[in-house]
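Derivation of every value follows stated rules applied to the coordinates shown; laboratory data play no part. These figures come from a predicted structure and were not determined experimentally. Note: ideal-geometry Cβ built from the backbone for every residue, glycine included; neighbour counts use all protein chains shown.
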Amino acid sequence: MTSLSRRSFGLAALSAPALLTATTLPARADGHAKGAPALFDAPIGTYRMTSLFDGMGPLQKAMFKPADSAEMDAVLAAAGLSGEAMPAPITAFLLQSEDRTILIDSGLGDLDMFGPGLGRVSDGLAAMGVAPEDVDLVIVTHAHPDHIGGMVGANGAVFPNAEVAIAQAEIDFWGDAGIMAQAPEEAQGLFQLAQGVYSAYGDRLIPITADTEVAPGITMELSPGHTPGHALVHIDGGTRELLMVADTLHSSVVHTALPDTGFGFDTDSPLAASSRRRVFDRAAADNLLIAATHVPFPGIGRFVRSGEAYAYVPASVM
């Protein structure tokens, strides 16, 4: 049974201001500066994939739970990183073919969370000439705010013609009133946001209970731990394939060198670590091109073996 402590939602690691922000979900931001859209596109066989930068999430070192904090400090120092702040990119991805427009996650949208400069996915879509009505499928890797915040707005569903593919376990967990009642007060907004998304899209939700092809060549693969229904997205474009690993890792430095390191927002850190190792092993063995939410923009690279651990190598796919 999942233990619903403050630590299960990352709250033990958050500072007081961040807690206040999280508690106010799903409040909407009022005109904060986002910056210009940042886009990167590349062919994945029959699909063209575009990375959509949403902004930088203000992660803190205290959110990571290594077995040995001195070992983590050494890993960070070797990468030229120091201090408590560990900002992480947030990137969503758009897939386009001759007849499909598919969004993988949606960023924070207008949520007033994590400070200014976030919520750029919608501007990126607009810069591409993609209207919300054009999106026919949204693939939700999991229901945390930086992945579903852009799906709803003041008028309800942002993507009026889209179906939504999401793991049944994710629907069950965040939609369960009993689980919500057991969760700490600071986590109530997370449940409210997820339930608002489920309500807005209604019968357009496509619940996934096993690895499932949700569009031609696009398969959702369950990879639980970070959340109960966390999912990967395998894209087979015929001449090229890519595995979008979502929140399998939150730091391209820490989680590759120390893959068993827990993360504050995990609902089950040991299971998340097991899933992480399985994904790293597969990607390294098969030399898979990967995409991820929280690695340096444009979020595309490879995992390679490095001794008993791994390393992340950014890749060009042009």
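The residues packed around Pro160, meaning those with a beta-carbon under 14 Å from its beta-carbon, carry a net charge of -4 if Lys and Arg are +1 and Asp and Glu are -1. Charges were assigned to the Cβ only: +1 to each Lys and Arg, -1 to each Asp and Glu. The resulting dipole of region 48-151 about its Cα centre is roughly 200 debye.
Once you reduce region 47-68 and region 135-206 to the center of their Cα atoms, the two points are 20 Å from each other. Of all beta bridges that DSSP places with both ends in region 192-313, some 85 percent have antiparallel geometry. Assuming charge only on the beta carbon of Lys and Arg (+1) and of Asp and Glu (-1), the dipole of region 154-273 about its Cα centre is about 260 debye to the nearest 20. Between Glu241 and Gln182, full extension at 0.36 nm per residue minus the direct alpha carbon distance yields a gain of 17.1 nm. Per residue, the convex hull spanned by the Cα atoms of region 145-292 measures out at 125 cubic angstrom. Placing +1 on each Lys and Arg Cβ and -1 on each Asp and Glu Cβ, with no other charges, gives the chain a dipole about its Cα centre of roughly 580 debye. Computing semi-axes √(5λ) of the Cα gyration tensor in Å directly from the structure and comparing it against (i) 26, 24, 19; (ii) 49, 29, 17; (iii) 33, 30, 18 singles out (i).
State the antiparallel share, in %, of DSSP beta bridges confined to region 138-270, rounding to the nearest 5.
For region 138-270, the DSSP antiparallel bridge percentage is about 70.
Looking at the chain, what % of its DSSP beta bridges pair antiparallel, to the nearest 5? Taking every DSSP beta bridge with both residues in the chain, the antiparallel ones total about 80 percent.
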